[in-house]
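Since the structure comes first, as structure tokens, the remarks are kept for the end.
The values are calculated or read from the model by the stated rules, or taken from the named source; none is laboratory data. Computed from a prediction, not measured in an experiment: that's the story for all the values here. Methodologically, a virtual Cβ is constructed for each residue, glycine included, from the backbone with ideal geometry; neighbour enumeration extends over all protein chains shown.
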Amino acid sequence: MSLPTLKKIAAYGGVLSVLGAGYFFKKIQDGLAAGSYYSQSMTILREHPGASEVLGHPIRSKFLNLGDSFNVVNAAEAKLAIPVKGSKRRGTLYTWSDRQGQGWEVKKLQLQLRDTKRKVTIYAIGAKSEEGDMDNQDAAEVVDD
């Protein structure tokens, strides 16, 4: 084979590899976003008055960092760090969910605003506070730093 032919084969192979990687990346992202652990977490975030105020409307999720070791989904549990963006600010929504029968139950949500290290718990099942049991209630108010 001639050198120009080998160059064309290498170029086409490179393009196909990049397109294939992009396709599978998108399929993995779509698969994670289709899980009820993901959609329930985003619904709770969007309905939380403090988070909505701080982030701004509309609140949208971005692509997950697939290399983040926090992100784990298996048969029993799902832990995700979901990048979120509102009209005012960006942040990361940390979510912990457990499988309950055929479905998923969100156990805890924490919001960390961009450029801060502080995580604020905005939802927790069975959370305890000084006031007592806060089952199914917002565990803390989100405040603008």
Just give me the residues in the stretch 2-44 being among the hydroxyl-bearing types (Ser, Thr, Tyr) and more than 18 Å from ASN71 (Cβ to Cβ), in sequence order.
SER2, THR5, TYR12, SER17, TYR23, THR43
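Could you tell me how many of the residues in the stretch 15-37 are out of contact with any helix residue (DSSP H, G or I) (no Cβ under 8 Å at 6 or more places or on another chain) and surrounded by 12 or more Cβ atoms within 10 Å (Cβ to Cβ)?
Filtering the stretch 15-37 for residues out of contact with any helix residue (DSSP H, G or I) (no Cβ under 8 Å at 6 or more places or on another chain) gives 15-31, 34-37.
In the following step, the residues that additionally are surrounded by 12 or more Cβ atoms within 10 Å (Cβ to Cβ) were identified as 25, 28-29, 35-37.
Total satisfying the criteria: 6.
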Could you run through the stretch 1-54 and say how many residues are more than 15 Å from the chain's Cα centre (by Cα) and free of Cβ contacts under 8 Å to residues at least 40 places away in the same chain?
28
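Assess whether SER87 counts as being at pLDDT 90 or above, in the same structural domain as HIS48 (by TED's automatic domain parsing) and part of a loop (DSSP other than H, G, I, E, B). Before you say what the answer is, go through the steps one by one.
Details: at pLDDT 90 or above: yes; in the same structural domain as HIS48 (by TED's automatic domain parsing): yes; part of a loop (DSSP other than H, G, I, E, B): yes.
Taking the combined requirement at face value, the residue satisfies it.
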